[in-house]
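Below: the structure, in structure tokens.
The values are calculated or read from the model by the stated rules, or taken from the named source; none is laboratory data. Not measured: the values here are computed from a predicted model. Quick reminder, even Gly has a Cβ in these numbers, built from the backbone with ideal geometry, and neighbours come from all protein chains shown.
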Amino acid sequence: MLYLRQILIMLVSLFTVRVVLESLGVEDYGIYNVVGGIVTFFVFLSGTMASATQRFFSFSLGQGDQDRLNKMFTVNWLIYGGIALIAMLLLETVGLWFVYNHLNVPETRFTAVLWVYQFSILTFLMSIIASPFMALIIAHEEMKIYAYVSILEAILKLLVVFLLTLLPFDKLEIYGVLLFLVSLLINGVYIGICISRYEECQFKKFYWDKGIFKDVTSFTGWTFFGQLTSVLRNQGVTILGYQFYNASVIAARSIALNVANYVNIFANNFNTGLYPPIIKEYAIGNKPGMFRLIFQGSKITFYLMWIFALPLFLQMDTVLSIWLKNPPPYSIFFTRLALIETIINATSMPLSTAARAPGKMKNYELPLGLIQILIFGVTWYLMRCGLPAYVMFVSACVGSLVMYVFRIVVLRSYIGLLAGEFVRNVLLSVVPVIIASTLPSYFVQRLLPSGLWWSVLHICITVFLTFSCIYFIGFDKEMRVKVKDFCHTRLKKGSLR
């Protein structure tokens with residue numbers, strides 16, 4: 001049922017993007033994503049602390065230390081408050097300076113840009129305040145809360161789209177306001193749930209521990225660097241692209257990233273649930289159990305992505321034409337490249353989680369951060385040389401592969417994970433699935449006539465072939481038994497209809 005809910009959320013989100021694109025137009029849609037990118041440039045402040053909070057909460061829960069958990073919440077809450085203040089100062093000074101001096105938007109739309117920028121800041125600050133509460137839910141492994149709140153969020157964003165077509169205001173301005181109101185409500189729900197459910201989430205008694213504060217800030221120092229370079233590589237490239245190309249190209253890039261993110265929903269949710277068990281296995285010293293979670297998590301993450309990515313990749317022109325009617329130029333090619341990058345990054349999520357378990361981040365984050373800075377620099381150079389816009393995605397794919405290899409290598413010294421074991425347990429299972437599902441799906445596509453219903457038939461055949469290859473080639477005997485038992489139990493309970 002969890003993944004059925006996620007499919008529903010994905011479909012609603014895709015419909016939302018279509019209507020927003022139609023309502024705003026290609027130019028305003030591209031402008032909104034650039035302005036939002038400037039604010040997102042500072043998301044590393046929230047993301048860094050959220051990663052640390054999840055790690056320390058999960059570690060304390062794994063050790064069963066409630067007193068330390070209470071102190072952990074208080075310390076992180078205070079840190080998040082400071083982060084919110086710093087973020088607001090940076091966004092209202094450095095960020096605003098960039099908007100005024102370096103964001104080449106049409107003069108007639110500048111007022112709307114400022115409006116959207118200010119409400120994007122408010123949306124971002126709200127996410128910072130709610131981050132420790134969301135991290136606490138993840139640490140307690142109550143992922144159903146995420147599923148239900150995500151459904152509520154999808155419904156509210158659908159309502160935003162409906163209001164966008166009715167309200168007699170500037171579409172770009174009112175869109176920013178409505179998204180802030182949705183963020184305010186959703187994050188308020190997360191905060192309310194945590195306060196009502198978890199003992200450590202309270203404000204009656206002040207807990208403080210200098211040692212915990214030192215541990216958290218030390219851990220996040222290098223994670224801070226990694227998050228900064230990650231945002232530079234993604235949102236920074238989007239902002240650069242607007243300087244070298246046009247709003248239509250940025251709109252196409254935004255559509256590609258949206259599609260990749262929606263496909264990535266299932267992998268993200270799976271890995272969010274995988275994060276606490278990996279940390280807890282490390283906390284109790286069970287490395288074999290930790291390695292088993294890493295191997296299984298990497299494979300299942302890829303399979304969850306591949307089921308959707310392969311049919312989308314082969315039928316991208318048809319899917320985008322149905323979804324958006326008139327997609328911007330480059331959308332099809334950009335989206336295919338974005339899917340490749342997303343699959344590489346998503347499959348390495350369990351490795352990233354394992355690297356954070358020991359709490360010593362310098363040897364991990366520094367090289368990866370330098371690679372991401374290099375990706376940004378190379379992309380900038382290639383754009384200045386006049387290369388086509390697709391270099392934004394090609395350089396990202398190459399960089400993601402390099403980072404993937406590095407993660408495998410560096411984990412040997414960090415947690416004792418051998419590269420040969422990872423290759424044998426993960427890559428040698430994944431590669432045959434790719435070959436066995438792609439080749440017949442491609443030949444079937446070539447044999448079928450053109451047309452909408454033939455494309456739908458091909459998508460169904462591809463999904464069936466992919467499922468079959470994953471089950472018979474990707475899963476070992478033990479995993480197939482588990483899948484059978486899971487399906488049998490679900491069907492018996494009437495959960496799947």
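Contact map, segment 391-420: residues that are free of Cβ contacts under 8 Å to residues at least 60 places away in the same chain and in a helix (DSSP H, G or I) paired with residues that are among the acidic types (D, E) and surrounded by 18 or more Cβ atoms within 10 Å (Cβ to Cβ), Cβ distance under 7 Å, separation 6+ or inter-chain. Pairs shown: S400/E341.
Of the candidates V75, V94, the single residue that is buried (at least 19 other Cβ atoms within 10 Å of the Cβ) and of a type in the set (V, I, T) is V75. Among the numbered conditions (1) modelled with pLDDT of 85 or more; (2) surrounded by 15 or more Cβ atoms within 10 Å (Cβ to Cβ); (3) not hydroxyl-bearing (S, T, Y), tell me where V431 comes up short. Of the numbered conditions (1) modelled with pLDDT of 85 or more; (2) surrounded by 15 or more Cβ atoms within 10 Å (Cβ to Cβ); (3) not hydroxyl-bearing (S, T, Y), the odd one out for V431 is (2). Scanning segment 167-224 for residues that are within 16 Å of F73 (Cβ to Cβ), in a loop (DSSP other than H, G, I, E, B) and aromatic (F, W, Y) returns Y198, F203, F206, Y207, W208.
The set of residues in segment 212-259 being in contact with an Asp or Glu (Cβ under 7 Å, 6 or more places away or on another chain) and among the hydrophobic types (A, V, I, L, M, F, W, C) consists of W222, F225, A247.
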